[in-house]
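K.L.:
Okay, here's the structure, questions in a sec.
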Amino acid sequence: MRVRVHKIDREFEEQVVIECHEVRTEIADIVTYIKSKGNTLPVYEEDKEYKVPVQDIYYLESVDNHVYVYLKKNVYELKMKLYEFEELYGRYEFVRCSKSSIVNLLKIDHLKPALNSRFTARLINGEEVIISRQYASSFRKKIKKAGSAS
């Protein structure tokens, strides 16, 4: 596959054009990835609202009816239910890893087995997220799909 980048003047809108014989899985994954790069999410810290790029999210966790968004170093509150985030962004590189958490596959450094058919995802910032037994199978499927696209 050939890739070409063409610079344009600022007066023109930026765009990505993909020319292909058919829309294979790899092409669809590229489109999904490109679309996800421009997305931001409103998050909160105390009374301040911030916009964070979706691709900067490491994982999300639901605790006591609050959803928290974990970035490399910061934690914010999200005024959305975990399942709502999953519906909106699950088609990107986010996958449910337990009843109370979702992880960004692009932020995983490595996986290691844990007790009771669970495993642990070590993130590139050093944090660890448990993948529960209930979600292990679907998690592995999404990992394999992501791995076969690269």
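Laboratory data are not the source of any read-out in this text; all were calculated from the coordinates shown. Just so it is clear, the model here is predicted, and its values are computed rather than measured. Backbone-built Cβ (ideal geometry, glycine too); neighbour counts: all protein chains shown.
K.L.:
Using a Förster distance of 22 angstrom, determine the FRET efficiency expected from the C-beta separation of Lys72 and Lys99, and round it to 0.05. Intermediate results must be reported in sequence, preceding the final value.
P.N.:
Working: r = 25 Å, r/R0 = 1.13.
In this case the efficiency is close to 0.35.
K.L.:
Right, something else. Across all directions of projection, what mean area in square nanometres is found for the Cα convex hull of region 1-84?
P.N.:
Value for region 1-84: 8.7 nm².
K.L.:
Can you give the helix-only mean residue ellipticity at 222 nm for the chain, where every DSSP H stretch with n ≥ 4 adds -39500 (n - 2.57) and the sum goes over all residues, rounded to the nearest 500 deg cm²/dmol? Intermediate values should be presented prior to the final figure.
P.N.:
Working: 3 runs with 38 residues, N = 150.
Mean residue ellipticity, 222 nm, calculated: -8000 deg cm²/dmol.
K.L.:
For the residues Ile8, Ile102, Ile143, what sequence is obtained by ranking on other C-beta atoms within 10 Å, fewest first?
P.N.:
On the way: Ile8 9, Ile102 24, Ile143 16.
In increasing order of surrounding Cβ atoms, one gets Ile8, Ile143, Ile102.
K.L.:
Between Lys51 and Leu115, what length in nm is gained on full extension when 0.36 nm per residue of separation is reduced by their alpha carbon distance?
P.N.:
19.3 nm
K.L.:
Quick one: dipole size for the chain, taken about the Cα centre, charges +1 on Lys/Arg Cβ and -1 on Asp/Glu Cβ, in debye to the nearest 20.
P.N.:
840
K.L.:
Continuing with the same structure: Based on the Cβ-Cβ distance of Ile8 and Ile30, what FRET efficiency does E = 1/(1 + (r/R0)^6) give at R0 = 30 Å, to the nearest 0.05?
P.N.:
Numbers: r = 20 Å, r/R0 = 0.68.
Using R0 = 30 Å, I get an efficiency of 0.90.
K.L.:
On to the next question. Pick from Lys99, Lys72, Lys48: which is most flexible by mean-square fluctuation in a GNM of the chain where alpha carbon atoms under 10 Å apart are linked?
P.N.:
Among Lys99, Lys72, Lys48, the largest GNM mean-square fluctuation belongs to Lys48.
K.L.:
Shifting gears a bit: Return Leu60, Leu71 ranked ascending by Cβ neighbour count within 10 Å, so the fewest neighbours appear first.
P.N.:
Leu71, Leu60
K.L.:
With springs only between Cα atoms under 10 Å apart, run a GNM on the chain and tell me which of Tyr58, Tyr50, Tyr76 wobbles the most.
P.N.:
Tyr50
K.L.:
Next up: Could you please rank Val52, Val5, Val67, placing first whichever residue has the fewest other Cβ atoms within 10 Å of its Cβ?
P.N.:
Details: Val52 17, Val5 5, Val67 22.
Result, fewest neighbours first: Val5, Val52, Val67.
K.L.:
Then there is this: Lys107: which aspartates and glutamates have alpha carbons under 14 Å from its alpha carbon, excluding same-chain residues fewer than 8 sequence positions away?
P.N.:
Asp56, Glu93, Glu127, Glu128
K.L.:
Filter the GluC sites (Glu not before Pro) in region 17-57 down to the DSSP loop ones having no more than 13 other Cβ atoms within 10 Å, then list what survives.
P.N.:
In loop regions of region 17-57 (DSSP not H, G, I, E or B), the sparsely surrounded GluC sites (Glu not before Pro) are Glu19, Glu22, Glu46.
K.L.:
For region 118-139 and region 54-78, what is the separation of their Cα centres, given in Å?
P.N.:
16
K.L.:
So what is the diffusion coefficient of the chain in µm² per second by Stokes-Einstein at 10 °C and 1.306 mPa s, using a Kirkwood Rh over Cα pairs?
P.N.:
93
K.L.:
Report, in listed order, any pair from Lys81/Lys142; Lys48/Lys112; Lys48/Lys142; Lys81/Lys112 with a Cα-Cα distance greater than 31 Å.
P.N.:
Lys48/Lys112; Lys48/Lys142
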